[in-house]
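Before any comments, here is the structure.
The values are calculated or read from the model by the stated rules, or taken from the named source; none is laboratory data. These figures come from a predicted structure and were not determined experimentally. When we count neighbours, we look across all protein chains shown, and the Cβ atoms used for this are built from the backbone with ideal geometry, even at glycine. Protein only, heavy atoms only, side chains kept; ligands, DNA and RNA dropped before computing areas. Shrake-Rupley method; radii C 1.70, N 1.55, O 1.52, S 1.80 Å.
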Amino acid sequence: DARAGYSNVYAQKVNRAGGLSWGVNALPVSRASANQTNPQIVSDKSGGAFICWEEDGTIRAQRLSSQGAKLWEHPLNVALGSGKQSDPLMIKDGGGGALICWIDERNSLSLQDLYGQRVSSAGELLWGKKGKAITEANGNQTEPALAGDGLGGALISWTDYRNGDRNPDIYAQHVGLNGARLWSSDDVLVCGAPDVQRRPAIIEDGESGVIIAWTDKGGGSYDIYAQRLSAGGQSLWMKDGIPISQVSRTQQNPKFGNKNILVWEDYRFGNWDIIAGAVASGGKLLWGENGVQIAAIPFTQYAPDCAAVAWNDGAIIAWEDYR
């Protein structure tokens, strides 16, 4: 919100009747003479919320009470570092705090890396003042996806350029409660097929492992592929993943509704539509190779990553629509 001259982060609480609990003008999370972008929000399990954002190349955070009061005297700088920090993601840590992941450029030799921080309800930096490195491989590591492991740690997947700028792959790592890397020190290769793999999505599989989906150009056009990893990081499906959708033209940017349902942008009919598919834990496609049309109508429908959330045994999906 740029009402004060800079793009600052604002928050509002909406009650069950649709009323605005924090006033018609909402609340500035942190007034600053700086642009704040990419806000993330998760519940604090006490009726309030943790909020983090990007501000002048740093990642900052604040906690709001149920009444909208700022519970920390000053916004946290979640990690000290000399390089730019960007694109934060945040999840609950299961213990009343939050876990934050971001792209970090403090190491000029390894370019863009991924770092993380765990923040307590009192605003303590539980992984030290500099945070913990999730991956510091050569080349850029970008487009992270983040999921909780149910034990206070996190499961992370990302687009990885360690094998060259023209051949990005999908990698993953499991970080424990104390920030330690629990899988291989070189990370887990999810898909290293030829050509481009990008923009992973990740979800916990209910058995201490994860399912990861991504956009894959190995077949000539962009398709949706997925892989399931065990609790130890071993691939449980076919090497380099299984195809979720390989129809003509482009399918891209998958998002999980729940551990079985995936939704993505699809250009098979000559304009962007929203299509969904479902996959069983063993890798079988439950809705066929063509998936199900969620919004296949004239003009453009895209960005299902705006919102796709589990609901009972299904999912609720929201998208941008130009009809």
So for region 272-313, using the alpha carbon gyration tensor with a ≥ b ≥ c as root eigenvalues (a/c under 1.5 gives rounded; past that, a/b versus b/c decides prolate or oblate), I'd call it oblate
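Would you mind getting the accessible area per residue of region 1-137, heavy atoms of the protein chains only, 1.4 Å probe, in Å²?
Values: 6580 Å² over 137 residues.
Per residue, region 1-137 has an accessible area of 48 Å².
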In vacuo Debye sum over C-alpha of the chain, base-10 log of normalised intensity I(q)/I(0) at q = 0.14 Å⁻¹, listed in q order, is -1.17
Rounded to the nearest Å, the spacing of the alpha-carbon centers of region 202-259 and region 157-188 is 16 Å
Heavy-atom accessible area of region 183-311 with neighbours in place, 1.4 angstrom probe: carbon+sulfur share in percent works out to 51 percent
In whole percent, the fraction of accessible protein surface over region 1-95 that belongs to carbon or sulfur atoms, probe radius 1.4 Å, stands at 48 percent
Mean projected area (nm²) from the convex hull of Cα positions in region 220-268 is 3.8 nm²
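What trypsin sites (Lys or Arg not before Pro) does region 33-68 have in DSSP loop regions with at most 16 other beta carbons within 10 Å?
Answer by residue number: Lys45.
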With DSSP loop assignment and no more than 11 other C-beta atoms within 10 Å, the trypsin sites (Lys or Arg not before Pro) in region 84-144 are Lys129
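Send over a whole-number figure in Å² for the accessible area per residue of region 138-271, probe 1.4 Å. Let's see the in-between values first.
On the way: 5130 Å² over 134 residues.
Spelled out: the 1.4 Å probe surface of region 138-271, per residue, equals 38 Å².
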Largest fluctuation, Pro168, Pro194, Pro144 only, Gaussian network model of the chain with Cα springs under 10 angstrom, belongs to Pro194
Highest GNM mean-square fluctuation among Asn271, Asn107, Asn312, for the chain with Cα springs under 10 Å, belongs to Asn312
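Within region 253-323, which GluC sites (Glu not before Pro) sit in a loop by DSSP and count at most 13 neighbouring Cβ atoms inside 10 Å? Please list the in-between numbers first.
Numbers: sites: Glu265, Glu289, Glu320; in loops: Glu289.
Hits after loop and neighbour filter: Glu289.
Just check region 189-323 against the gyration tensor rule for me: Cα atoms, a ≥ b ≥ c as the square roots of the eigenvalues, rounded for a/c under 1.5, and otherwise prolate or oblate depending on whether a/b exceeds b/c.
Details: a/c = 2.00, a/b = 1.32, b/c = 1.51.
It comes out oblate by the Cα gyration axes.
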